[in-house]
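Worksheet: the structure to be examined is printed underneath.
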Amino acid sequence: MTTLTDRLGILSNAPGSSGNESAVRRAIRPMIEQHVDAPHVDGVGNLIARKAGNGTSSLRVLITAHMDEVGLMVVGHTGDGDLRVGTVGSIAERLLPGLTVTVGEEAMPGVIGVQAIHRANKGSLDKAPGVDQLTVDIGASSKDEAKRLAPVGTPIVFSTQFEKMGNVCAGKAFDDRAGCTALVALLGGQPFPFEVTGAFTVQEEVGLRGARVAAYTVAPDIAIVLEGTLADDLPKEDSDVSSTTTLGSGPAITAMDRSYITPPWLLRHFIQVAEDEGIPYQIKQPGIGGTDAGSIHQTRAGVPTITVAVPCRYIHSPISLIRESDLAALVRLVDVAVRRITADGLPLQHT
């Protein structure tokens, strides 16, 4: 039997920087095909999957998770055969020197070059180089060879492989392959009282782009965004600074981030379900980050939207950590909350 963790590992290992999500789509499709009606890919690359309801309600619910991860792209070549690169999405550049990466659809191995410490002067050791000072070495011996192997526009992702590490999962791209894993599980469950459309979206990390298209197409009454979010639950210099979220405390429900504010009645609904069902949860510290909810809630005449996320330690880096228990609790919370929407008589609009 395939578990949540098994699926997470498969999706985490798939390369899929923004705008180059095809490998992730190919990994997801066989996981959902038997549970949805004719999954299809739209014009921007979103994988859309409709799950018919049991006819109890005419409500339309959209649940999204973005497939793309932060990464790099080839922007030029050096005379000695290295690749010049730029970032795709938000990455802390200080983490890049010396990392191993995977280049292009052929999965060529590469190394982000850094000057040997033996030749570095003191001033260069005090400051991390910017991405414009770094190159990727793929073993090419000339500029022409590098151009042939990795032309401008070739995507690059971290080469991190998924593994279990104690009571956590370690891997790349848990933002948002954790959300994709949860959405696969929800689509594989029993029918809901109404139609639910799952959208595995593209280009979230570079502007919430795919979600806007998906929401316009589906025209949902309610939308739920599944995410991986910042867990900064590590020792801090200032003991009065609260963590955004913490590992092991359950899924994080967003009240507000930089891209949207959750309607109070929808926020109360998810909190009430969590408390009624004994599902651990936490409220993400408001005002931090942004998700596909930022574009979905502004679509057409406006869509009531909420984000529920798996806390991820070291997010937007070559490796992140999550707790399996948080992922499982997210799936359970969203499943129950969606099924109770009609029964609870949610207003679906501001009063």
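The values are calculated or read from the model by the stated rules, or taken from the named source; none is laboratory data. The structure presented is a predicted model; accordingly, all values stated were derived computationally and were not measured. We place every Cβ from the backbone using ideal geometry, glycine too, and count neighbours over all the protein chains shown.
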Options Gly210, Gly228: the member that is under 22 Å from Arg29 (Cα atoms) and in a strand (DSSP E or B): Gly228
All positions within the stretch 79-94 that are farther than 15 Å from Ala173 by Cα and of a type outside the set (Val, Ile, Thr): Gly79, Asp80, Gly81, Asp82, Leu83, Arg84, Gly86, Glu93, Arg94
Strands (runs of 3 or more DSSP E) lying entirely in the stretch 1-117 (those with 1 or more residues that are farther than 30 Å from Ile341 by Cβ and hydroxyl-bearing (Ser, Thr, Tyr)): 83-88, 100-103
Unmet requirement for Pro39, which otherwise passes all of (1) in contact (Cβ under 8 Å) with a residue 12 or more places away in the chain; (2) in contact with a strand residue (DSSP E or B) (Cβ under 9 Å, 6 or more places away or on another chain): (1)
Cβ-Cβ under 8 Å pairs, at least 6 apart or on other chains, the stretch 307-326 side on the phi > 0 side of the Ramachandran plot, far side surrounded by fewer than 24 Cβ atoms within 10 Å (Cβ to Cβ) and assigned to a strand (DSSP E or B): Tyr314/Leu321
Among the candidates Thr254, Thr246, Thr307, residue that is β-branched (Val, Ile, Thr) and surrounded by fewer than 22 Cβ atoms within 10 Å (Cβ to Cβ): Thr246
Of the criteria (1) surrounded by 20 or more Cβ atoms within 10 Å (Cβ to Cβ); (2) more than 20 Å from Ala211 (Cβ to Cβ); (3) of a type in the set (Gly, Ala, Ser), which one Ala328 fails: (1)
Any hit, the stretch 253-272, residues being aromatic (Phe, Trp, Tyr), closer than 10 Å to Ile306 by Cα and in contact (Cβ under 8 Å) with a residue 12 or more places away in the chain: yes
Only listed residue being assigned to a loop (DSSP other than H, G, I, E, B) and in the same structural domain as Asp335 (by TED's automatic domain parsing), chosen from Ser317, Ser295: Ser317
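Let's see how each residue does on (1) in contact (Cβ under 8 Å) with a residue 60 or more places away in the chain; (2) within 15 Å of the chain's Cα centre (by Cα); (3) more than 20 Å from Thr2 (Cβ to Cβ):
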| residue | (1), (2), (3) |
| --- | --- |
| Cys169 | yes, no, no |
| Gly179 | yes, yes, no |
| Gly188 | yes, no, no |
| Ala199 | yes, yes, yes |
| Ala214 | yes, no, yes |
| Val218 | yes, no, yes |
Filtered residues of the stretch 223-243 (kept if at pLDDT below 95 and either surrounded by 16 or more Cβ atoms within 10 Å (Cβ to Cβ) or under 17 Å from the mean Cα position of the chain (by Cα) (or both)): Thr229, Leu230, Ala231, Asp232, Asp233, Ser243
Any hit, the stretch 142-156, residues being part of a strand (DSSP E or B), under 25 Å from the mean Cα position of the chain (by Cα), surrounded by 12 or more Cβ atoms within 10 Å (Cβ to Cβ) and modelled with pLDDT of 95 or more: yes
Filtered residues of the stretch 253-285 (kept if within 22 Å of Cys312 (Cα to Cα) and either of a type in the set (A, V, I, L, M) or touching an Asp or Glu at 6+ places or on another chain (Cβ under 6 Å) (or both)): Ile253, Ala255, Met256, Ile261, Leu267, Ile271, Ala274, Ile279, Ile283
